[in-house]
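Notes follow the structure.
The values are calculated or read from the model by the stated rules, or taken from the named source; none is laboratory data. This one's a predicted model, so the numbers in the text were calculated from it and none came from an experiment. Counting neighbours? That spans all protein chains shown, and the Cβs are built from the backbone with ideal geometry, glycine included.
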Amino acid sequence: MADRGVADLLERARALDAADPLGSLREAFAPMGDVTAYLDGNSLGRPTRATPDRLRAFAGEEWGGRLIRGWDEGWFEAPLTVGDRLGNAVLGAAPGQTFVGESTTVVLYKLIHSALDARPDRREIVADTGNFPTDRFLIQSIADARGLDVRWLEPTTDPQSGVPGILGRQVDEAVSDRTALVLLSHVDYRTAGIADLPEITRVAHAVGALVVWDLCHSVGALPLRMDEWNVDFAAGCTYKYLNGGPGAPAFGYVAARHIPSASQPIPGWMGAAEVFRMADRFEPHAGIRRFVSGTPSVLAMVPLQSMLDLIEDVGMEAIRRKSEGLTDFIVDLYDELLEPAGAELGSPRSAADRGGHVTVHHERSEAALPLLWKRGIIPDFRRPGGLRLGASPLSTGFAEVCAGIVGIRDALLEAGATH
Ligand SMILES: *Cc1c(COP(=O)(O)O)cnc(C)c1O
């Protein structure tokens, strides 16, 4: 495209930034050093500007100054207090149903076992072959260990969004009175396609099955209504759109109706009815604390709380509007710049069907990546040729997105010239 075209796009981007009601919040994030366009907040969100100070204050004053007294002064309750904040700010969950635990993998492990224990007479699990590896690996190994069968659904092209995903009618056809649980992702980590969570939950419940939803790519990107949608169990990352930092602990949601009888497969002292009684046998806590296993990662919850401050201020509805604006703009830039360079769109065209990122495929993505990194442009790459262009709503600007995609177009063309 002629430079005139790029100049017009940049001008449009600056106008969008000027009109963005959340634009000033970009200043609430730590500077990015040599990076000019960060399009990977869907994999690792940026730290808030307050995070380095908060971490220093935590180490110096709370840990260093309060020492062991800190456990009585809030750390002990942190998995539940931070859980309740998450529930309220991003999950649509009333208090007492959310805990902060370990990695998403371990939290899912707990929730899957718990759901299966709640349906002891049922022999089948419904899951899909398009889910993230951890979800598929867990389902297969848990099914093997318990002697259950897995009905693997294949993603099919959604007539509405045009991208592969799991449809409500597929789940409807697969579930029966043999189904113990359905495990799916709400937003597809590759395509960003949104599954019809309320409908799929309804068809699972209609046969008496339970649902476990993976919310890794939806939490912090779109408003969620766990209670209203009647979800049974859900888990998700806090280091993607919740900017909790590398390895920040995941959360688990368990609907209040299941908690009193819920089992969990890693019963530890921190989930016991009376934690400091040092009892002979495990007696679960009456509440959501029973899902806590060992000593919680208090230090690793510090950055997340700084992001929750920002989210609580603006609310998920405004964040979703910004996110839709950003990904709509990315699709426009794809049409103008990337499609003419030979790329293919791998995400839904309509914002209503799409989470917080846009995937484009190009055979030279991998060759372009080192050029991009050198130039401070950071998209997310997934083999074979997928570039996920993530736009974390609060930290990403329209001009940033535009500069990034112009750079990606240039790098794809250059990588072609040298091959
Ligand atoms: C990112 C992601 C995970 C990550 O699991 P961890 O145990 O936190 O590494 C799991 N599931 C999905 C769908 C993801 O996108």
- [ ] Would you point out the residue of the range 178-217, among those that are within 11 Å of the ligand (Cβ to nearest atom) and not in a loop (DSSP other than H, G, I, E, B), that is nearest to Tyr239 (Cα to Cα)?
- [x] Asp214
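Filter the range 71-124 for residues that are of a type in the set (Asp, Glu), closer than 20 Å to Val298 by Cα and in contact (Cβ under 8 Å) with a residue 40 or more places away in the chain and give the result. Don't jump to the end; show me each part of the working.
Kept after step one, since they are of a type in the set (Asp, Glu), are these residues of the range 71-124: 72-73, 77, 84, 102, 117, 121, 124.
Now narrow it down to the ones that are closer than 20 Å to Val298 by Cα: 72-73, 77, 84, 102.
Selection gives Glu102 alone.
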- [ ] Output the qualifying pairs, or none if there are none: Cβ atoms under 8 angstrom, residues six or more apart or on different chains, first residue in the range 181-199 and not assigned by TED's automatic domain parsing to the domain that holds Ala127, second residue within 11 Å of the ligand (Cβ to nearest atom).
- [x] none
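Could you tell me which residue of the range 141-177 is farthest from Leu215 (Cα to Cα), considering only residues that are small (Gly, Ala, Ser) and assigned to a helix (DSSP H, G or I)?
Filtering the range 141-177 for residues that are small (Gly, Ala, Ser) and assigned to a helix (DSSP H, G or I), the one farthest from Leu215 (Cα to Cα) comes out as Ala145.
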Task: Residues satisfying the stated conditions in the range 80-127, i.e. over 23 Å from Ile142 (Cβ atoms) and assigned to a helix (DSSP H, G or I) - done: Leu80, Thr81, Val82, Gly83, Asp84, Arg85, Leu86, Gly87, Asn88, Ala89, Val90, Leu91
Open item on the list: Being within 30 Å of Gly287 (Cα to Cα), polar (S, T, N, Q) and assigned by TED's automatic domain parsing to the domain that holds Arg225 is true for just one of Thr104, Thr129. Which residue is that?
Closed with: Thr104
Open item on the list: Test of understanding: among Gly41, Gly74, which residue is loosely packed, with under 15 Cβ neighbours inside 10 Å and closer than 30 Å to Trp213 by Cα?
Closed with: Gly74
TODO: Residues being within 29 Å of Pro265 (Cα to Cα), polar (S, T, N, Q) and more than 13 Å from the ligand (Cβ to nearest atom): count how many of those fall in the range 110-169.
DONE: 4
- [ ] Would you be able to tell me the number of residues in the range 219-252 that are within 12 Å of the ligand (Cβ to nearest atom), small (Gly, Ala, Ser) and within 19 Å of Gly315 (Cα to Cα)?
- [x] 3
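Please work out if Ser24 is small (Gly, Ala, Ser) and part of a loop (DSSP other than H, G, I, E, B).
Details: small (Gly, Ala, Ser): yes; part of a loop (DSSP other than H, G, I, E, B): no.
So Ser24 fails the test.
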